[in-house]
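**Q** Questions regarding the structure given below will be posed in turn.
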Amino acid sequence: MNAIVLDGRPVARDLRLRARDELHDLIAQAGSTPSLSILSVGDDPSAHAYERAIIKAARGVGVEVESVHLPGAASQDDLDRAIDSLNDDRSVHGVIILQPLPSHLDRVEVSDRLDPLKDVDGITTFNAGRLFHDDRDVLAPSTPAGGMALLKHYDIDIAGRHAVVVGRSPVVGKPMSLMLLAANATVSVCHSRTSDLANFTKQADILISAAGRPGTIQKHMVKPGAIVVDFGVNFIDGSMIGDVNYDPVRSIAGAITPVPGGTGRVTTIVLVRNTIKAMRLQARDAATFEREFVSTHYRKGS
Ligand code: NAP
């Protein structure tokens, strides 16, 4: 029997409705609309496709959105100045820095230059720390947060189950592992140096793939009835596919996300909700010790 398809569209629709309500309440309180800035460097086609999806999601909710683009030859100083300017602009409430950055730019330095209270994709050390401590005020990375929202939408039990995450990047695999742990799963994390990957994936009640390699998960690697979440985005001959060998795995899994139409649709709306949350956190913290603390201790160069 084929697995249930975990379609991202109804999840995104529900989150969009919730975001509109949150926005309505926030505008009533604050008298202004949150604004998201998308900062990109260079001309990576996947980054531009993601930018278009973010703009569509933001406009669908009513959040303001603007693009700031630097040429691929931009220096670290140019990028630092662009980030500082967005940090200092009080009309900007959220900033996402699109990946990949050109290889001459330092991803960690860039991440920690961003104001943590505008960090709507959870890339700063400050928000990574908040995630580590299960802090409810965290601005969490939107991709794994979307994956968790998808599991919740389909009433998938997490507590007590064995979740196996393939991938340990700071934006998808690692934060997803922490979120599953916070939801009381028993979590195994695999990566490119894991020996005998199938030995781990076969034990998964919930199998998450965030490797970015087509064919990473084959049918023989999946336990019958497992929940399979595929974050992979890969292009073969112009077609988008995930990491999971979809049709064969669908014939054995209990539920599976499609690519496209699964996790990706949810990511962008989570990013928009994070912008609303960021504006709320900034308003709350405007005159408090925390705002000073964040600025002083976590923003470089300020
Ligand atoms: P990444 O930084 O390249 O990380 C890939 C991770 O997978 C690494 O930890 C790597 O291990 C591991 N890995 C690679 N090949 C493997 C293999 N054969 N077996 C086991 N582990 C393997 O990628 P990312 O930024 O996390 O993104 C992962 C995927 O998600 C990409 O396809 C990306 O396009 C996609 N993505 C999707 C969304 C969405 O909304 N659905 C959003 C963002 C990204 P090492 O650490 O040992 O190198």
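**Q** Computed over the Cα atoms of the stretch 1-88, what is the ratio Rg over Rh, Rh following Kirkwood?
**A** That ratio is 1.10, to two decimals.
**Q** Between the stretch 1-50 and the stretch 66-118, what is the C-alpha centre distance in whole Å?
**A** 20 Å
**Q** Here is a follow-up. Which value, in Å² rounded to 10, gives the accessible area of THR125 with a 1.4 Å probe and all protein chains present?
**A** Its heavy atoms expose roughly 80 Å² to the probe.
**Q** Considering only lysines 8 or more places apart in sequence, or on different chains, count the pairs in the chain whose C-alpha atoms sit under 22 Å apart.
**A** Summing the qualifying lysine pairs gives 11.
**Q** Heavy atoms only, probe 1.4 angstrom, no DNA, RNA or ligands counted: give me MET240, MET179 ranked by accessible area, highest first. Before the final figure, lay out the partial values.
**A** Numbers: MET240 70, MET179 25 Å².
Ranking MET240, MET179 by accessible area, largest first, yields MET240, MET179.
**Q** Okay, next question. With angles folded into 0 to 90 degrees, how steeply does helix 263-285 sit against the dominant principal axis of the chain? Use alpha carbons for both and round to 10.
**A** Orientation of helix 263-285: about 30 degrees from the principal axis.
**Q** Looking only at the chain, where both bridge partners belong to it, what percent of the DSSP beta bridges are antiparallel (to the nearest 5)? The partial results should precede the final answer.
**A** Numbers: 3 of 33 bridges.
Approximately 10 percent, going by the DSSP bridge assignments.
**Q** For the Cα atoms of the chain, what angle does the longest principal axis make with the long axis of helix 45-61, in degrees from 0 to 90, nearest 10?
**A** 70 degrees
**Q** What is the pair-distance distribution P(r) of the chain, computed from all Cα-Cα distances in 10 Å bins starting at 0, with each bin given as a whole percent?
**A** Whole-percent P(r) values from 0 Å outward: 6, 27, 34, 23, 8, 1.
**Q** Express in Å², to the nearest 10, the accessible area of LEU197 obtained by rolling a 1.4 Å probe over the protein heavy atoms while all chains stay in place.
**A** 40 Å²
**Q** Counting only C-alpha contacts under 8 Å and six or more residues apart, can you give the relative contact order of the chain as a whole percent?
**A** Values: 594 pairs, mean separation 70.5, N = 302.
Reported relative contact order: 23 percent.
**Q** Something else about it: Given a 1.4 Å probe and the protein chains all in place, what does the accessible area of PHE132 round to, in Å² to the nearest 10?
**A** 140 Å²
**Q** Sequence-distant or interchain residues sharing an amide H contact under 5 Å with SER67, placed H: which?
**A** Answer set, sorted by chain and number: ILE38.
**Q** Sticking with this one: Exactly which trypsin sites (Lys or Arg not before Pro) in the stretch 93-173 are in a DSSP loop and have at most 10 other Cβ atoms within 10 Å?
**A** Working: sites: ARG107, ARG113, LYS118, ARG130, ARG136, LYS152, ARG161, ARG168; in loops: ARG136, ARG161, ARG168.
In loop regions of the stretch 93-173 (DSSP not H, G, I, E or B), the sparsely surrounded trypsin sites (Lys or Arg not before Pro) are ARG136.
**Q** Nearest 10 degrees is fine. How inclined is helix 76-88 to the longest principal axis of the chain, computing both from alpha carbons?
**A** That works out to roughly 70 degrees.
The values are calculated or read from the model by the stated rules, or taken from the named source; none is laboratory data. In this text, all values refer to a predicted model and were calculated from it rather than measured experimentally. Quick reminder, even Gly has a Cβ in these numbers, built from the backbone with ideal geometry, and neighbours come from all protein chains shown. Accessible surface areas use protein heavy atoms only, side chains included; no ligands, DNA or RNA. Shrake-Rupley method; radii C 1.70, N 1.55, O 1.52, S 1.80 Å.
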